[in-house]
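We did not get these values from a lab; they are worked out from the coordinates using the rules stated. Computed from a predicted structure; not experimentally measured. Cβ atoms come from the backbone with ideal geometry, glycine included; neighbour counts cover every protein chain shown.
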Amino acid sequence: MNILYFDDKCIVCNGFAKMVSKLDRRDIIRFASVDELKEVMPEDFDTVAYYSDDLYIHSDAVIEVVADATGFKFIRLSKIMPKCLRTAIYKFVAKNRHKLTGNKTCEIDQIDSEVKKKMISS
């Protein structure tokens, strides 16, 4: 099962989940709160992780989930960019995502209905 773990209280992360849901025409991706991974992830991890054949985090998670959702495997070629650079960009956006949205939060009831139907956890 392919699972996108995302911060379900973050507007940016919810927007990403909504985009992935729309791209996932084969209906292969399910969603769960990143809180489900608290036991196995570092304490400060609170953004996006993706499980398919392995557990991906940061930019690798974004690349893998978009490749799986669209079916366009060539998206993985973006991994040619050095991982340290991809991770730095990802972490910058993740760190500043609340500032970018004016600290707005999103409750589970406000999650897109298509994403909500595919949630496997609360």
| request: Kindly provide the helix-only [θ] at 222 nm of the chain, computed as the sum of -39,500 (n - 2.57) over DSSP H runs of four or more divided by all residues, to the nearest 500 deg cm²/dmol? | output: -12500 deg cm²/dmol
| remark: If the label point sits 7 Å along Cα→Cβ of Lys116, residues of region 27-61 with amide N under 16 Å come out as 31-33
| task | Return, ordered by residue number, the residues of region 1-31 whose backbone nitrogen is under 18 Å from a label point located 7 Å along Cα→Cβ of Asp54. | result | 1-5
| task | Take every Cα-Cα pair in the chain and report what % of them are more than 19 Å apart. | result | 45
| Distance violations [Cα-Cα > 20 Å] among Lys22/Lys95; Lys22/Lys79; Lys9/Lys38; Lys9/Lys91; Lys22/Lys73; Lys22/Lys117 | Lys22/Lys95; Lys22/Lys79
